[in-house]
Amino acid sequence: MTFHPARRQALLAAAGLLAAPALVLPRDAAAQGTNQGTPPATDPENTLFMELKDGRVTIQLQPELAPRHVERIKTLTRSNFYDNTPFHRVIEGFMAQGGDPTGTGTGGSPLPNLPAEFSPPSRARFLRGTCGMARTSDPNTANSQFFIMFAPGSFLDGQYTIWGRVVSGMEAVDRIKRGVGQSGQVPNPPDRIRTMRVAADVR
């Protein structure tokens, strides 16, 4: 999917991916071209299980791309921070954004913001199933909010931190309740992350 430059900026702004003060492939990433050099998820310490209303989503973490962001995601996951948090902004054909317990797009965790860990497009790109970190217009403001791509978004490449990719269960992501209007804000009640766990901790 491609976007006219004006549409790209509108999507970024509407999604809260390029706005202050708010924080902000073909059909299956598990079967089609995904970020280069990333084998299927086999390391339990770098695998997440996200339970949604329509099933389990398995996410392969990519510490080789963003070690600080991966560590943050695991720290918050292990504290049950993401459990019952909403997908507050969801734009058809673009992405689903969550990770804010307040559901307003302005919330985060008590932990400090993270410095950017952007990957050059030659190493990793925003494809269907890519998991990226939301931020304000300041590149160094990622905290807890993240987004999962419904479709490729090359206009994000090298501008947002990639920390993982969906390797199974993308059909459950596809069924997340959509938002309305240009902002993509999801009307109540939004869909929520039921639980999120590091695979190594699941017995």
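At-a-glance table
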{"item": "Residues (in contact with a helix residue (DSSP H, G or I) (Cβ under 6 Å, 6 or more places away or on another chain) and either among the aliphatic types (A, V, I, L, M) or under 21 Å from Val173 (Cα atoms) (or both)) located in the range 115-139", "result": "Phe126, Gly129, Met133"}
{"item": "Hits in the range 60-117 - residues which are surrounded by fewer than 22 Cβ atoms within 10 Å (Cβ to Cβ) and of a type in the set (Phe, Trp, Tyr)", "result": "Phe81"}
{"item": "Subset of the range 52-75 (residues that are of a type outside the set (A, V, I, L, M, F, W, C) and assigned to a helix (DSSP H, G or I))", "result": "Pro67, Arg68, His69, Glu71, Arg72, Lys74, Thr75"}
{"item": "Residues of the range 128-157 that turn out to be assigned to a strand (DSSP E or B), out of contact with any Pro (no Cβ under 9 Å at 6 or more places or on another chain) and among the hydrophobic types (A, V, I, L, M, F, W, C), as a count", "result": "6"}
{"item": "Per-region count, the range 130-145, residues crowded, with 24+ Cβ neighbours inside 10 Å and of a type outside the set (Lys, Arg)", "result": "8"}
{"item": "Any hit, the range 159-173, residues being among the charged types (D, E, K, R), modelled with pLDDT of 95 or more and part of a loop (DSSP other than H, G, I, E, B)", "result": "no"}
{"item": "Options Thr104, Thr130: the member that is closer than 13 Å to Thr161 by Cβ, touching a strand residue (DSSP E or B) at 6+ places or on another chain (Cβ under 8 Å) and not aliphatic (A, V, I, L, M)", "result": "Thr130"}
{"item": "Residue among Gly179, Gly169 that alone is of a type in the set (Gly, Ala, Ser), crowded, with 20+ Cβ neighbours inside 10 Å and on the phi < 0 side of the Ramachandran plot", "result": "Gly179"}
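The values are calculated or read from the model by the stated rules, or taken from the named source; none is laboratory data. Since we're looking at a predicted model, the values are computed, not measured. Neighbour counts are summed over all protein chains in view; Cβ atoms, including those assigned to glycine, are modelled from backbone coordinates with ideal geometry.
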